[in-house]
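I have placed the structure first, in the form of structure tokens, so that the comments after it can refer back to it.
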Amino acid sequence: MCARAAIAATAAAVALFLAGQEAEAQYNPVASCSLSPAEFQSWFQDGVIATNGQVKFADSVAFPKDNSICDFYKWAHQMFLWITSPKGNQIILNSPAFYNVLIDAEGNGHYVSNAQNGALLGLRSGVNKFSLRSSKSDEIQPGGQAGGGDSLLSLNGSVVYFGVHANDVFAWFNTAVTNGDLPDSTPFPASAEDLAPIVDYALEHGAILPDSQAMTMELKTSWIEADKVSGDISDYIVMDAEVPNYQGNVGDATWTIGTPSTVVKTLALVGMHVVGSVQGHSELVWASFEHRSNAPDNDFYISVKPSPFVPPIAVKVPYNSAGNWNFMQTSGGREGALVSQMTVAANGDLVATPGNSIRPNDVYRVNPWGGEPDESSAGNNTQLVTLNANVDFMLTNAPGGKDVRANYFQLGAVWTKDGSLPSSPGDTGQQIGSLLLANSTMETYHQQVGPGIKPAFQHGCFGCHNTDAQSGGAVTPTFVSHLFSKSNAPLVPAGGKQK
Ligand code: HEC
């Protein structure tokens, strides 16, 4: 594609993306964080953009030291496309590169490899075990009570299920720390030097880490039942998973767990947090993705250049809920939205909140692209709108037809300027990117900003994922993760060898 055609394609793609996701209005945003066809091509294993083709992981060790905001968004996007790349009849998320993490009643994690998954559960291999956000998470949320067990029902009546996943580098790093072979105070690896002892440790125990250059990654995924999605199921990434066997109807006060207590269902991916370390950033880069049919955006602004001779101006893209969504009624309003109707009780039952019943509630993204919904966020919004539009355009027009991954977009990402660790919920000084980032399916009820809202809930990812959320005293760098823990079961016993 010649340069002029590429620019025209980009502008068309931006207009298309906004039309698809927002109003029908015409926008021509300032091109920032553009992704050229040549660069996109280089992300693919075979060096060509191919429908449902395999994308490589981003090289986190080689992440530029002299970087731009756009470099982080591109890193996150490449990682998302890698994780959702087909692998046999599964996706990379279900390959040995990732472990599912099951949390037991004591709150300790168990890394379950995808090879083990089916065997452990007495199921065919590749079946995952997912849960709801359990009420347990209250204990590790600062301030306790506020909504740890809140749960969400889609418009068509599916519960939202969550999975937690870590890559092999993460699991082996955790193992080395749990077994006392690396000090507790070791930060997440953020350089080749940091990575080497983890790779060596795994190797000593018989494990080769083919994705070691991806460094440590942890994910949270959200899913709804495949037969209850808005739109066509072929527009979703699906997988089979074992989920709680809820018995109940929309409008009931309680849904109990039946016998057997779990069932295998085909689930459709609606959200994914993609989190990992890159060179110079052991605080991790916190990025998030959603399906386009989830929920509308609040008003937001983008930078538009009305003519080449004037500086850009901020133009408002108004809230627009026309169309069909998973978590918002067609043309539903913002008033009365985001009120949780139910929570998950300690025994796993779904219980309506006082005065409510188990039913869907309207959802929208309060701070689109993780920014205040005002002109101050126009620059950051425009970078994300442009990058998403470019990826969307190239995946939609891939030679073999539309790629299923074109139906997902990046909401944003957040990290710190110098790789420093946010020390408290309100420590926003060094943060860069999408400061108020929240996924409409995972932090649904923690998107509001303002008086009376706990600081932890109004500062995006680092509001809850910071070093003092759990420690209170000495700083343990890995506390930014709620998953990494010395009490997690190691992959091998201390001093042992992997079988
Ligand atoms: C309101 C507090 C809160 C906010 C805000 C929050 N998280 Fe979390 N997050 C948690 C808790 C608690 C867990 C642990 C278990 C669970 O509930 O899934 C968690 C788990 C995770 C996990 C799984 C691995 C782990 O560390 O346990 C990822 C990945 C994650 N969050 C990413 C994000 C991203 C990205 C954002 C910002 C878009 C974010 N979180 C915002 C509270 C929060």
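The values are calculated or read from the model by the stated rules, or taken from the named source; none is laboratory data. Fair warning: this is a prediction, and the values are worked out from it, not measured in the lab. Cβ sites come from the backbone with ideal geometry, for glycine too, and all protein chains shown count toward neighbours. The accessibility values were calculated without ligands, DNA or RNA, using every heavy atom of the protein model including side chains. Shrake-Rupley method; radii C 1.70, N 1.55, O 1.52, S 1.80 Å.
Quick notes
- Complete set of residues in the stretch 252-287 that are aromatic (F, W, Y) and out of contact with any helix residue (DSSP H, G or I) (no Cβ under 9 Å at 6 or more places or on another chain): W255
- Within the stretch 358-376, the residues that satisfy the criterion of being part of a helix (DSSP H, G or I) and buried (at least 24 other Cβ atoms within 10 Å of the Cβ) are P368, W369, G370.
- Any hit, the stretch 196-207, residues being free of Cβ contacts under 8 Å to residues at least 60 places away in the same chain and farther than 30 Å from A474 by Cβ: yes
- Each residue in the stretch 76-103 was checked for being within 13 Å of the ligand (Cβ to nearest atom) and within 22 Å of L384 (Cβ to Cβ), and 4 of them qualify.
- Residue within the stretch 413-435 that is more than 16 Å from the ligand (Cβ to nearest atom), among the basic types (K, R) and at pLDDT 95 or above present: no
- Residue in the stretch 208-221 that is out of contact with any Ser or Thr (no Cβ under 6 Å at 6 or more places or on another chain) and over 19 Å from W82 (Cβ atoms) present: no
- Test: residue in the stretch 141-152 that is open to solvent by less than 10 Å² (accessible area, probe 1.4 Å), in contact with a Phe, Trp or Tyr (Cβ under 6 Å, 6 or more places away or on another chain) and modelled with pLDDT of 60 or more: no
- Restricting S60, S42, S36 to those that are open to solvent by less than 30 Å² (accessible area, probe 1.4 Å) and of a type in the set (G, A, S) reduces the list to S60.
- Positions within the stretch 379-425 being among the small types (G, A, S) and crowded, with 24+ Cβ neighbours inside 10 Å, in sequence order: A389, G412, A413
- Search result, residues across the stretch 418-451 that are in contact (Cβ under 8 Å) with a residue 24 or more places away in the chain and farther than 26 Å from F188 by Cα: S440, T441, T444, Y445, H446, Q447, Q448, V449
- Candidates A389, A406, A413 - the one that is touching a Phe, Trp or Tyr at 6+ places or on another chain (Cβ under 8 Å) and assigned to a helix (DSSP H, G or I): A389
- Within the stretch 318-340, restricting attention to residues that are polar (S, T, N, Q) and in contact (Cβ under 8 Å) with a residue 40 or more places away in the chain, the residue that is surrounded by the fewest Cβ atoms within 10 Å (Cβ to Cβ) is N324.
- Meets criteria (closer than 14 Å to Y408 by Cβ and assigned to a loop (DSSP other than H, G, I, E, B)) for N67: no
- Subset of the stretch 153-179 (residues that are at pLDDT below 95, among the aliphatic types (A, V, I, L, M) and within 14 Å of the ligand (Cβ to nearest atom)): V160, V164
- Residues of the stretch 184-204 satisfying the condition of being at pLDDT 95 or above, of a type outside the set (A, V, I, L, M, F, W, C) and not in a helix (DSSP H, G or I): T186, P187, P189, S191
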